[in-house]
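Scroll down for the structure; my scribbles are underneath it.
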Amino acid sequence: MDSGTRRHATRQRLYDAAVALIAEQGFSATTVEEIAERAGVAKGTVYYNFESKTGLFEALLRHGVEQLTSSLERAADDAARRGADLGETVDAMVRAGLVFVDRCPAFTQLYVAELWRTNRAWQPTLAAVRLRVVAAVERALRGADPGGAGAGDDVPLTASALVGMVLTTALDWKVFQPERSLDEVHGALSLLLRGRIGGSGRPG
């Protein structure tokens, strides 16, 4: 294993440890020592990779949102290669978002919670990473619907609403309805997005 691969693996262990501890007890209560111990590394390793606990958390936010964004972009690209229409493209991105939250619920909970805390030192980082994921959805909407009729008049707001809906619904699922399967949650959101709630409740 070369040095680059080792450093990547170490950073991933630190991300995993930090997100688990901060989700359990909060950012302020979590110490660098605890993060290092949970990751199975020396305390100095944390400072070798990140200048501070805040720096680690900001890097964690960027890393997690990059993974989410990549998942959404891959789903949109796959839909485009299949010649999918707007509805099918959105549906594919919704499922990709749900899969991400199912895999990374603690990170998603942290990310969503921190979005509303405007007094944090990492607020500029949060604003930047939020813009990245919303912009990815916006690009996919425009690509699947060049005329703009299907996505509505305000594509940026539509993209923001889609991201917020998926993340919030997925967290509600993981916390309050964990007995439901991913397919069930995806199916319910698909119906909602296609405007088919009400009546028989069945897709046409």
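Taken together, the values in this text are just the output of simple stated rules run on the coordinates, not laboratory data. Keep in mind it's a predicted model, so treat the numbers as computed, not measured. In this analysis, Cβ positions are derived from the backbone assuming ideal geometry, glycine residues included, and neighbour counts consider all displayed protein chains.
Observations on the structure shown:
- The set of residues in region 73-85 that are among the hydrophobic types (A, V, I, L, M, F, W, C) and closer than 19 Å to GLY187 by Cβ comprises ALA75, ALA79, ALA84.
- Test: residue in region 85-105 that is assigned to a loop (DSSP other than H, G, I, E, B), among the acidic types (Asp, Glu) and under 22 Å from LEU193 (Cβ atoms): yes
- Against the list (1) of a type outside the set (Asp, Glu); (2) under 21 Å from LEU110 (Cβ atoms); (3) part of a helix (DSSP H, G or I), the condition ARG6 fails is (2).
- Checked against the criterion of being crowded, with 20+ Cβ neighbours inside 10 Å and not β-branched (Val, Ile, Thr), the candidates GLY87, GLY97 yield just one match: GLY97.
- Failed item in (1) within 18 Å of GLN109 (Cβ to Cβ); (2) surrounded by 14 or more Cβ atoms within 10 Å (Cβ to Cβ); (3) not β-branched (Val, Ile, Thr), with GLY55 passing the rest: (1)
- Looking across region 39-62, the residues that are in contact (Cβ under 8 Å) with a residue 40 or more places away in the chain and among the hydrophobic types (A, V, I, L, M, F, W, C) come down to LEU56, PHE57, ALA59, LEU60, LEU61.
- For beta carbons closer than 9 Å, sequence separation of 6+ or different chains, a first residue in region 107-126 that is under 14 Å from LEU60 (Cβ atoms) and a second that is of a type in the set (Lys, Arg) and surrounded by 11 or more Cβ atoms within 10 Å (Cβ to Cβ), the qualifying pairs are THR108/LYS174; GLN109/LYS174; TYR111/ARG130; GLU114/ARG120; THR125/ARG62; LEU126/ARG117; LEU126/ARG120.
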